[in-house]
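Structure first, commentary second.
The values are calculated or read from the model by the stated rules, or taken from the named source; none is laboratory data. Every value quoted in this text rests on a predicted model; they were computed, and no experiment measured them. When we count neighbours, we look across all protein chains shown, and the Cβ atoms used for this are built from the backbone with ideal geometry, even at glycine. Calculation scope for accessible area: heavy atoms of the full protein, side chains included, ligands and nucleic acids excluded. Shrake-Rupley method; radii C 1.70, N 1.55, O 1.52, S 1.80 Å.
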Amino acid sequence: MTLRSILALSFTIDQIQRNYGLDPAPALARHGMSKDQFDGNAVISQADELAILSDLFIDLSHDPLAAVKIGSTFGLSGYGAYAMMLMSCSTVYESIQLGIRYQEMSYLFSKISFELDGENASIILTPYRVPEHLHRFVIDRDVAGTFQFLNLMQTMIGQHTHPLEICIPYPKPLEAEFYEKQFQCPVKFGTDVIRFLIPGDILKKTLPNANTTALTLYRQQCDELLSKRSQVNNGTLAERVKHHLEMFKEELPAIKDCAESFSSSERQFRRDLKEEGTTYQQLLDKVRSEKACKLLDNSKTSVEQIALLLGYTESAAFIRAFKKWHGITPAQYRKR
């Protein structure tokens, strides 16, 4: 995974401010950022964006449909050269293939893929792992934003059909009826991936703005934008990693998953943490220790259950680790 354009976060913040009257400045400040840092070349890691969305989510939790409403307002203008490149393709199929090739320019928290199935085709979004409390929010934004994008592309070719079906990978919510009204097609919940099932004959449709010269130009612009991207400086990596791990309520991510969330290879991730005088295991232990103490202090959760929640396969391993951190066992800590 590469670093993400900050435009998606900027657009989301604007919509939250406009539709819910929330001031994003305090949430950004808590992460060492301000909107003054946002520009067309700025990028942000998935983990850092999630941290900011997590803060904003607290004020949006009263509206479970907030992400659908926000994603439904994403327009082509927010994609810039990426959208212009796709519109310059000769066919819908070519546009989809190029969209996948340059997917790092999208705002999605999912990996895009495509498959043909008889007379139909599927655009598939495989969600990246995110903290549990943000799972539905980021999926809803991806689904609604992608639906909006597909609608706008269809309008260009004079089509007014809707997906044959949309699949969403979380349990059916109480608001399920809203999704079918919003997307005007059957919506299936509880699947493994996000899936937009579309008629296969649409793939052969020609795009009215097809132009090979323009396509070459916009591809060059996309390549140039990717090469010029600069990351917003918002604290040490160790601080950001620790905050990211704290957002997970249950099993914490493995180093490979965490490195991916920070748009890094595992090897480079280890090296960067080492330069700051720490390791992923040390950060993991610190977060596990703090979570364990909170559970022992404030709940009646058994030691065995706490071990499972923290990702230990057996309680004995957790007890040994806890004793190493604090010099006493979890049971002794709770009694004390």
Practice item. Return the total of residues in region 61-82 being modelled with pLDDT of 85 or more and under 25 Å from Q182 (Cα atoms). Key: 12
Review point. So L295 fits all but one of (1) within 23 Å of the chain's Cα centre (by Cα); (2) in a helix (DSSP H, G or I); what number is the exception?
Key: (1)
Revision key, fill the gap. Conditions (1) open to solvent by less than 20 Å² (accessible area, probe 1.4 Å); (2) farther than 21 Å from A83 by Cα; (3) outside any helix (DSSP H, G or I) -> F196 fails only (2)
Exercise for review: Would you check if there is a residue in region 170-187 being in contact with an Asp or Glu (Cβ under 6 Å, 6 or more places away or on another chain) and open to solvent by 40 Å² or more (accessible area, probe 1.4 Å)?
Suggested key: yes
Practice item. Return the total of residues in region 9-54 being outside any loop (DSSP other than H, G, I, E, B) and either closer than 20 Å to G235 by Cβ or open to solvent by less than 10 Å² (accessible area, probe 1.4 Å) (or both). Key: 25
Check your understanding: Can you name the residue in region 112-130 that is touching a residue at least 60 places away in the same chain (Cβ under 8 Å), farther than 19 Å from H162 by Cα and of a type outside the set (S, T, N, Q) and, of all such residues, is least open to solvent (accessible area, probe 1.4 Å)?
Key -> V130
Point to revise | Hits in region 85-108 (condition: more than 16 Å from the chain's Cα centre (by Cα), surrounded by 18 or more Cβ atoms within 10 Å (Cβ to Cβ) and either part of a helix (DSSP H, G or I) or among the small types (G, A, S) (or both)) | key: M85, L86, M87, S88, V92, S95, I96, L98, G99
Check your understanding: Within region 269-284, can you find the residues that are acidic (D, E) and either part of a helix (DSSP H, G or I) or under 26 Å from A307 (Cβ atoms) (or both)?
Key -> D272, E275
**Study point:** Matching residues in region 150-183 - criterion: being more than 20 Å from D117 (Cβ to Cβ), assigned to a loop (DSSP other than H, G, I, E, B), modelled with pLDDT of 95 or more and not aromatic (F, W, Y)
**Key:** P171, K172, P173, L174, E175
Review point. Taking the stated definitions as given, is F248 modelled with pLDDT of 90 or more and open to solvent by less than 30 Å² (accessible area, probe 1.4 Å)?
Key: no
Practice item. Answer yes if at least one residue in region 131-146 is farther than 26 Å from L86 by Cβ, open to solvent by 30 Å² or more (accessible area, probe 1.4 Å), in contact with a Lys or Arg (Cβ under 9 Å, 6 or more places away or on another chain) and not in a helix (DSSP H, G or I), and no otherwise. Key: no
Study note, to complete from the structure: Checked region 268-327 for anything under 21 Å from H243 (Cβ atoms), surrounded by 16 or more Cβ atoms within 10 Å (Cβ to Cβ) and hydroxyl-bearing (S, T, Y); matches are T278, Y280, S289
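If we scan region 214-222, do we find a residue that is more than 16 Å from L86 (Cα to Cα) and assigned to a helix (DSSP H, G or I)?
No: zero hits.
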Check your understanding: All but one of (1) open to solvent by 30 Å² or more (accessible area, probe 1.4 Å); (2) free of Cβ contacts under 8 Å to residues at least 40 places away in the same chain; (3) over 19 Å from V130 (Cβ atoms) hold for T161; which doesn't?
Key -> (2)
Study note, to complete from the structure: Residue pairs qualifying under the 6 Å Cβ cut-off, at least six apart or on distinct chains, with the first in region 270-295 being farther than 18 Å from R334 by Cα and the second being open to solvent by less than 60 Å² (accessible area, probe 1.4 Å) and among the small types (G, A, S), are E276/A238; T278/A238
Practice item. Go through S106, S61, S122, S90 for me and flag whichever is among the polar types (S, T, N, Q), in contact with a strand residue (DSSP E or B) (Cβ under 8 Å, 6 or more places away or on another chain) and closer than 28 Å to C258 by Cβ. Key: S106
Point to revise | Those residues of region 56-79 which are of a type outside the set (G, A, S), surrounded by 15 or more Cβ atoms within 10 Å (Cβ to Cβ) and in a helix (DSSP H, G or I), in sequence order | key: L56, F57, D59, L60, V68, K69, I70, L76, Y79
